[in-house]
Amino acid sequence: MISILESFHLNNEQWFWMLLCALFVGMSKTGVAGLGMLIVPILATIFGGKSSSGILLPMLSMADLFAVFYYHRHAEWKYIFKLMPSTVAGVLVGLFVGNIVNDEQFKLIMAVIILVGLAIMVWRERKRSDVAIPHNWLFSSIAGLLGGFSTMIGNAAGPVMSIYFLSMMLPKNNFIGTAAWFFLIINLFKIPFHVMVWETIDMNTFTLNLAMFPMIMLGAFLGFRLVKIIPEKPYRIFIIASTALAALKLFF
């Protein structure tokens, strides 16, 4: 395993960020929302756009298992089934787009998706109780399509899907449980495309993922506990600001 990890030629600073991202993956899936958006541009800076998406995906799937284990009883399956067709279509569109652009273009698309996602987060915070969001088939289809595309290109569907699940007026635990199952299913669906089409997941990258598993597990453990004590507003301001800076770095 050591020789495989050395083959990535990461320096000490990059290993620090890699370990921190693994910790954030676990925390983001067990209640500390927003950290997932910060992970994407950091890994893209280290590994490149498309390669980083393949490195991140199995880590997200590992963390999804913790979230599903803890919140599985609270899932509202009717919303998951309603989203699946359009989300799968969005994943396939993202697969096609990612297959025809070079890595610099891929990173630019990722940066745009992240910044749009942050804009959605800010808008949701400011208009949380002022805007009525429709519950019809068209809204579900658009949300699924955008979510599928953004999760395939940048593993960054969180803001879009949060808007959808929040619009369904789900209680907190039902919201987390439904999102946990939804992302586990979609992330597992994406893995064969990363292996066979984009070739961004192989035994070397999976070995790196396994090496990060203890940090993911620690992050999941911390997430269950920290979500209750972290002041919400300062935390969200920090996440939005730091993610915006990291995403802007992808443009240069």
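Need the failing condition index for residue 207 against (1) out of contact with any His (no Cβ under 8 Å at 6 or more places or on another chain); (2) among the hydroxyl-bearing types (Ser, Thr, Tyr); (3) over 24 Å from residue 69 (Cα atoms), just the number.
Looking at each condition in turn, residue 207 falls short on (3).
Within segment 26-58, which residues are outside any helix (DSSP H, G or I) and modelled with pLDDT of 90 or more? Before you say what the answer is, go through the steps one by one.
Pass one, segment 26-58, residues outside any helix (DSSP H, G or I): 30-34, 48.
Of everything in segment 26-58, just one residue is outside any helix (DSSP H, G or I) and modelled with pLDDT of 90 or more, namely 48.
Can we say residue 174 is at pLDDT 90 or above and of a type outside the set (A, V, I, L, M, F, W, C)? Please lay out each step first, then the result.
Values: at pLDDT 90 or above: no; of a type outside the set (A, V, I, L, M, F, W, C): yes.
Answer is no for this residue.
Which residues, taken from segment 1-25, are among the small types (Gly, Ala, Ser) and not in a helix (DSSP H, G or I)? Can you show your working first?
Going through segment 1-25, the residues among the small types (Gly, Ala, Ser) turn out to be 3, 7, 22.
The one that is among the small types (Gly, Ala, Ser) and not in a helix (DSSP H, G or I): 7.
Only one of these is farther than 23 Å from residue 67 by Cα, assigned to a helix (DSSP H, G or I) and either free of Cβ contacts under 8 Å to residues at least 12 places away in the same chain or not hydrophobic (A, V, I, L, M, F, W, C) (or both): 162, 150, 140. Name it. Spell out how you get there, then give the answer.
On the way: 162 fails: farther than 23 Å from residue 67 by Cα; 150 fails: farther than 23 Å from residue 67 by Cα.
Going through 162, 150, 140 in turn, the sole match is 140.
Can we say residue 63 is modelled with pLDDT under 95 and assigned to a loop (DSSP other than H, G, I, E, B)?
The answer is no for residue 63.
Of all residues in segment 121-145, which are at pLDDT 85 or above and either more than 15 Å from the chain's Cα centre (by Cα) or of a type in the set (A, V, I, L, M, F, W, C) (or both)?
So in segment 121-145, the residues at pLDDT 85 or above come out as 140-145.
Correct list: 140, 141, 142, 143, 145.
If residue 246 satisfies all but one of (1) touching a helix residue (DSSP H, G or I) at 6+ places or on another chain (Cβ under 7 Å); (2) closer than 28 Å to residue 86 by Cα; (3) in a helix (DSSP H, G or I); (4) among the aliphatic types (A, V, I, L, M), what's the number of the condition it fails?
The single condition residue 246 does not satisfy is (2).
Identify, please: which residue in segment 66-83 is assigned to a helix (DSSP H, G or I) and aliphatic (A, V, I, L, M) and is, among those, farthest from residue 28 (Cα to Cα)?
Of segment 66-83, the ones assigned to a helix (DSSP H, G or I) are 66-74, 77-83.
Remaining after also requiring aliphatic (A, V, I, L, M): 67-68, 80, 83.
On the way: 67: 10, 68: 13, 80: 20, 83: 22 Å.
Applying the filter and picking the extreme gives 83.
Is it the case that residue 95 is surrounded by 13 or more Cβ atoms within 10 Å (Cβ to Cβ) and at pLDDT 95 or above?
On the way: surrounded by 13 or more Cβ atoms within 10 Å (Cβ to Cβ): yes; at pLDDT 95 or above: yes.
Here the answer is yes, as residue 95 does meet what is asked.
Per-residue answers, yes or no, for (1) within 27 Å of residue 250 (Cβ to Cβ); (2) surrounded by 24 or more Cβ atoms within 10 Å (Cβ to Cβ); (3) β-branched (Val, Ile, Thr):
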{"site": "29", "(1), (2), (3)": "yes, yes, no"}
{"site": "39", "(1), (2), (3)": "yes, yes, yes"}
{"site": "65", "(1), (2), (3)": "no, no, no"}
{"site": "74", "(1), (2), (3)": "no, no, no"}
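Looking at (1) modelled with pLDDT of 90 or more; (2) assigned to a loop (DSSP other than H, G, I, E, B); (3) surrounded by 21 or more Cβ atoms within 10 Å (Cβ to Cβ), can you tell me which one residue 198 breaks?
Tallying (1) modelled with pLDDT of 90 or more; (2) assigned to a loop (DSSP other than H, G, I, E, B); (3) surrounded by 21 or more Cβ atoms within 10 Å (Cβ to Cβ), residue 198 fails exactly one: (3).
For segment 146-160: of the residues being β-branched (Val, Ile, Thr) and more than 10 Å from the chain's Cα centre (by Cα), which is nearest to residue 113 (Cα to Cα)? Don't jump to the end; show me each part of the working.
Step one: filter segment 146-160 for residues β-branched (Val, Ile, Thr), giving 151, 153, 160.
Still in the running and more than 10 Å from the chain's Cα centre (by Cα): 153, 160.
Details: 153: 9, 160: 10 Å.
By that ranking, first place goes to 153.
The values are calculated or read from the model by the stated rules, or taken from the named source; none is laboratory data. Source: prediction; values computed, not measured. No Cβ is skipped: glycine too gets one built from the backbone with ideal geometry, and neighbour counts run over all protein chains shown.
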